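What follows is one structure encoded as structure tokens, with my remarks underneath.
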Amino acid sequence: MNKFKLFLISVFTAVLFSSCFNTDSDKTKRESFVEPLKMETIYPYINDIEIVNDSQVVAVSVGKKHSVGLKKDGTVVAVGSNDKGQCNVQDWEDIVAISAEEDHTVGLRKDGTVVATGKNDDGQCNVGDWKGIVAVSAGWNHTIGLKKDGTVVSCGNNKYGQCDVKKWKDIVAVCAGDKHTAGLKKDGTVVVASSYWNSVLFRTAARIVKLFSKIDISGESVVDDWKDIVAISAGYGYTLGLKKDGTIIPAYSTFGSDSDEDINKTFDEVKKWGDVNVLSSGGSFPPNVAGIKNDGAVIYAGSDFESAFKRNILKDWKEIVAVSGTGVGPGPNSANSFVGLKKDGTVIAYGDNKYGECDVQDWKDIAAVSANSLHSVGLKKDGTVVATGNNKYGQCNVGDWEDIVSISVGMEHTVGLKKDGTVVATGYNKFGQCNVQDWKDIVSISVGATHTIGLKKDGTVISCGKNDDGRCNVQTWKNIVAISAGLIHTVGLRKDGTVVATGNNSYGQCYVQNWKDIVAISAGWYHTIGLKKDGTVVAIGSNFYGECCVQNWENITAVLGEFFCTFGLQKDGTIVTAGNGIEDWKDVAAISVGSFHYVGIKKDGSIVSLGNNKYGQCNVESWGNQKGNK
């Protein structure tokens with residue numbers, strides 16, 4: 001779920017009750033007195049954005065697999081999945097507000113009428129006869145409209161009573177959840193419509209954090225003890241209230257499932273927030289919750305977008321000449337291993353160290369390092385190799401290796417290139433990823449999770465290991481000067497600066513055919529990085545944590561793509577990172593949170609995004625003013 005709204009009571013009270021009301025006897029006369037809605041009233045932050053032209057996007061809203069942008073001129077753009085027609089907004093005009101959800105999109109015109117497109121199985125797009133609307137909210141399978149007189153209309157799925165809003169009065173803001181609808185009243189209290197959640201709350205009363213009370217047959221249930229609320233956001237089984245003091249209170253239920261711990265953790269974190277003036281949420285359980293603070297910084301909670309470098313440890317590393325690691329993944333089994341080689345030949349590391357993979361403090365005279373989730377390997381200047389960490393499959397059995405000139409580690413295997421062009425390998429070999437004993441004339445190696453790639457001196461490439469998705473289909477490659485193996489894809493750099501790729505392309509990580517002037521490549525787990533000869537960087541593929549947000553990098557001499565993160569080594573020996581998540585966003589004016597991606601508008605007019613980009617729903621950079629995006 002996502003709700004991109006800051007509905008201040010004072011603002012909407014003015015909108016709702018300042019218009020002239022006339023009798024219905026003269027429709028033409030009545031409509032001529034209706035003051036057109038203004039997007040600046042609905043989105044007050046627009047006054048703080050640097051507007052360059054009317055084609056600039058000034059409001060955003062995201063669904064599950066698509067993103068929608070409202071332009072200053074009242075037209076609408078959309079990117080991402082369009083399997084239900086949810087992106088068919090190109091003909092919309094005079095729009096002043098938008099709301100996107102699961103598989104449909106809703107637009108509010110300045111004359112108070114409404115348009116909708118997308119999935120309509122439950123009639124959630126049947127808004128053609130709505131009039132006098134001042135706000136809209138799209139739920140998973142229903143749509144809510146707030147009228148200027150403070151009443152509410154609805155359409156769509158009403159299986160759980162989420163559309164039972166006909167008797168609501170004095171409402172100043174609405175928010176549609178999955179099986180419920182929340183309404184903010186002008187007195188700062190909140191009401192909810194949903195017979196489903198009423199019954200769930202009674203059945204699980206012992207686990208309720210906030211209890212909906214005063215339930216009656218009108219479809220109006222008061223969220224108990226909530227007062228001084230200025231904005232609301234509703235999602236999958238929860239409602240969030242932003243208080244006028246900048247704190248947030250949640251109402252939700254747990255269900256005795258495995259996700260209860262994550263649910264409680266998310267909302268416990270949210271309850272600690274302060275100085276928040278914009279609230280948005282999305283996803284199911286546990287949800288993603290984002291808030292914009294008064295200084296324009298973004299804070300968030302939720303497991304789907306857990307920060308890859310939440311503590312920003314690597315920003316303190318200096319005089320680094322090479323780095324290796326796997327990043328941080330979501331979930332209890334995620335890995336935290338990063339190893340850095342300093343110019344004096346010593347090594348530093350950061351991570352969980354569950355298996356001793358970070359015990360590198362005694363390493364000296366190291367020429368290269370390679371690390372994966374649970375083990376680290378170092379190549380010494382004398383051609384011998386050291387290793388530490390998990391050795392379940394013998395992946396650290398490198399003590400007798402000699403004359404090694406290059407190393408690369410996979411998930412549970414280690415590969416070494418000898419100075420005579422032969423290759424050695426040790427560790428897990430279920431898929432034949434260690435079957436390199438016959439390789440000759442190799443000049444470079446790269447290891448994926450369960451496959452191994454070798455570059456020969458004649459510019460051809462060989463491979464071994466798992467190939468169910470084509471990651472080893474490199475036998476036709478020619479004129480290759482560099483290779484990089486990702487988790488389940490492989491990338492090659494040609495001598496003319498172009499790039500080829502093969503393997504899994506679920507996130508578009510293999511769409512590199514248009515790259516030019518590339519001098520170095522690196523394949524992450526689900527993304528690909530290219531270093532250009534001018535020191536700038538390009539990226540394609542998964543952007544869950546913003547790992548592809550490298551467009552502003554300069555003076556880069558080396559790149560490394562890992563799990564959900566990207567490293568850039570600058571000329572001065574410092575490291576820049578992409579994949580820090582939403583916490584790196586600054587000067588943000590608005591934000592919309594979906595199940596798997598975020599879109600934000602910065603005060604300089606640029607548009608930022610991160611998250612799943614499988615359907616292109618994060619391709620929004622061109623929406624903002626070009627001055628801000630540079």
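Less than 5 angstrom separates the built amide H of residue 527 from those of 542, all sequence-distant by 5 or more or on a different chain. Given a 1.4 Å probe and the protein chains as shown, residue 494 ends up with an accessible area of around 90 Å².
When each of the peptides 60-73, 39-52 is scored by the mean number of other C-beta atoms lying within 10 Å of its residues, the order from highest to lowest reads 60-73, 39-52. For residue 402 and residue 517, the FRET efficiency from 1/(1 + (r/R0)^6), where r spans their Cβ atoms and R0 equals 30 Å, is about 0.20.
Estimated at 0.36 nm per residue, the fully extended path between residue 41 and residue 604 surpasses their Cα-Cα distance by 200.7 nm. The packing ranking, built from the mean of other Cβ atoms within 10 Å per residue, places the peptides 600-610, 478-488 in the order 600-610, 478-488, highest first. Each of residue 586 and residue 53 was given a label point 7 Å from its Cα along the Cα-to-Cβ line. The distance between the two points is 2.9 nm. Figure legend: label point modelled 7 angstrom from the Cα of residue 460 along Cα→Cβ; residues of segment 472-495 with amide N under 14 Å from it are 474-480. Taking all protein chains in place and a 1.4 Å probe, what share, in percent, of the accessible surface of segment 428-560 do carbon and sulfur account for? Of all accessible area on segment 428-560, carbon and sulfur atoms account for 43 percent.
In this simple spin-label model, placing a label point 7 Å from the Cα along the Cα-to-Cβ direction at both residue 187 and residue 554 gives a separation of 5.8 nm. Computed from phi, the 3J(HN,Hα) profile of segment 134-147 under the Karplus parametrisation 6.51, -1.76, 1.60 (θ = phi - 60°) reads 10, 7, 10, 8, 9, x, 4, 9, 8, 10, 10, x, 9, 8 Hz, with x in place of Gly and Pro. The amide H of residue 231, built 1.01 Å from its N in the peptide plane, has 242 as neighbours under 5 Å, considering only residues 5 or more places off or on other chains. Here the Karplus curve 6.51 cos²θ - 1.76 cosθ + 1.60, taken at θ = phi - 60°, turns the phi angles of segment 487-496 into couplings of 4, 9, 9, 9, 10, x, 9, 7, 5, 8 Hz, with x standing for Gly and Pro.
Based on C-alpha pairs under 8 angstrom that are at least 6 apart in sequence, segment 112-201 has a relative contact order of 21 percent. Over what distance in Å are the Cα centres of segment 469-524 and segment 341-396 separated? The distance from the Cα centre of segment 469-524 to that of segment 341-396 comes to 27 Å. Summarising the label geometry, the points placed 7 Å from Cα in the beta-carbon direction at residue 271 and residue 88 lie 4.6 nm from one another. With all protein chains in place and a 1.4 Å probe, the accessible surface of segment 58-151 carries 35 percent carbon and sulfur.
The values are calculated or read from the model by the stated rules, or taken from the named source; none is laboratory data. Please read all numbers here as calculations on a predicted model, not as lab measurements. With ideal geometry, Cβ positions are generated from the backbone for all residues, glycine too; neighbour counts draw on all protein chains shown. Each accessible area value is taken on the protein alone, full model and side chains, heavy atoms only, with ligands, DNA and RNA left out. Shrake-Rupley method; radii C 1.70, N 1.55, O 1.52, S 1.80 Å.
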